[in-house]
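Each remark here refers to the structure printed beneath this line.
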Amino acid sequence: MTATPKVPYAERAAELEKEIERLEAELSGEDPQAIINRHIRRLHRYNEIKDGTQSLIAKYAVMTNQTVRQVHEELELPLKD
């Protein structure tokens, strides 16, 4: 087991405060919850589009008498996320 160097609490607290300031600066004053909500909406939209695409691929597979795997390979699409 590797020993970790002991850092005085005051020094570690100062490092964490600097990290907090840096992260807050990256937000540019934007509400963190608003950022989270925006990402959730984008992920939801992405998933809806992906589900629709997979449905179309499945229909195409039936129409061409192929498996979904074969269609993915034909279109050079990944089989996993």
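Here, each number is a calculation from the coordinates, and none is a lab measurement. Predicted model, so just to flag it, every value in this text is computed and none were measured. Heads up, the Cβs are rebuilt from the backbone with ideal geometry, glycines too, and the neighbour counts pull from every protein chain shown.
General observations
- Here's the picture: charge each Lys and Arg Cβ at +1 and each Asp and Glu Cβ at -1 in the chain, and of Val62, Pro8, Ala34 the one pushed furthest to the positive end of that dipole is Val62.
- Reachable lysines, given that their alpha-carbon falls under 16 Å from the alpha-carbon of Lys59 and they are not under 8 places away in the same chain: Lys50
- Between the exposed loop cleavage positions of the chain, defined as trypsin sites (Lys or Arg not before Pro) in a non-H, G, I, E, B DSSP state with at most 15 neighbouring beta-carbon atoms within 10 angstrom, the longest gap is 7-79.
- Exposed-site-free run, longest, the chain (rule: GluC sites (Glu not before Pro); DSSP loop; at most 12 other C-beta within 10 Å): 31-75
- Förster radius 25 Å - calculated FRET efficiency between Leu23 and Leu43, Cβ distance, rounded to 0.05: 0.70
- Residue-averaged [θ]222 nm for the chain, counting only DSSP H segments that reach four residues, each worth -39500 (n - 2.57): -24500 deg cm²/dmol
- Oblate is the label for the chain. Its Cα gyration tensor axes, ordered a ≥ b ≥ c, give a/c of at least 1.5 and b/c at or above a/b.
- Principal-axis tilt of helix 9-27 within the chain, Cα atoms, nearest 10 degrees: 40
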